[in-house]
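The values are calculated or read from the model by the stated rules, or taken from the named source; none is laboratory data. All values reported here derive from a predicted model rather than from experimental measurement. Cβ placement follows ideal geometry from the backbone for every residue including glycine, while neighbour counts extend to all protein chains displayed. Ligands, DNA and RNA are excluded from the accessible area calculation, which covers all protein heavy atoms including side chains. Shrake-Rupley method; radii C 1.70, N 1.55, O 1.52, S 1.80 Å.
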Amino acid sequence: MEVMQVNVGYRCNLACSHCFLECSPKRTETMSRETMEACLAAFKTGGYKVLDITGGSPEMNPELEWFIEEGSKIAETVLVRSNLVILGLPQFEHFKQFYADHGVKLVTSLPYYDETYCDAQRGAGSYARIIEQLRALNELG
């Protein structure tokens, strides 16, 4: 096995209709730093190469930056699964530069190529905000 996927919490800025974990702004569960340390120890022991970070919105875990910094020291690749909408919120917009500075690979989904269907699944205005963040991230490289 080369990939270790770690779910760092169920808190999310969105409440998507397709989310099987039922992540939302109402959820409070987030992984502690202590548990993250245990995950990093298991990562080293298991000989993994890719640290795949997911959650509701991983950015809502207050320990995410620490986890990425530490994970970057031992992983060949750090990957974060983000809905991107969150990167447009003032308290989370710094993550765009943080991700670029740490060589994080971002994975996101655009649930539909048509704005109407995407917004129906993710919430009004989501499509436009995702596209806006994709453009901003592309500018950072």
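Which residues, taken from region 5-18, are under 29 Å from Glu76 (Cβ atoms), open to solvent by less than 60 Å² (accessible area, probe 1.4 Å) and assigned to a loop (DSSP other than H, G, I, E, B)?
Val8, Cys12 - these are the residues of region 5-18 that are under 29 Å from Glu76 (Cβ atoms), open to solvent by less than 60 Å² (accessible area, probe 1.4 Å) and assigned to a loop (DSSP other than H, G, I, E, B).
Which residue, of Glu2, Glu22, Glu70, is open to solvent by 50 Å² or more (accessible area, probe 1.4 Å), free of Cβ contacts under 8 Å to residues at least 60 places away in the same chain and on the phi > 0 side of the Ramachandran plot?
Result of the check over Glu2, Glu22, Glu70: Glu22.
Can you tell me which residues in region 46-67 are of a type in the set (Ser, Thr, Tyr) and either farther than 22 Å from Leu134 by Cβ or open to solvent by less than 10 Å² (accessible area, probe 1.4 Å) (or both)?
Passing the criteria: Tyr48, Ser57.
Looking at region 46-85, which of the residues that are in contact with a helix residue (DSSP H, G or I) (Cβ under 6 Å, 6 or more places away or on another chain) and assigned to a loop (DSSP other than H, G, I, E, B) is farthest from Ser109 (Cα to Cα)?
Glu63
Just name the residue that is nearest to Phe67 (Cα to Cα) out of those in region 86-141 that are open to solvent by less than 80 Å² (accessible area, probe 1.4 Å) and assigned to a strand (DSSP E or B).
Looking at the filtered set, the residue picked out is Leu106.
Of all residues in region 25-45, how many are outside any helix (DSSP H, G or I) and crowded, with 17+ Cβ neighbours inside 10 Å?
3
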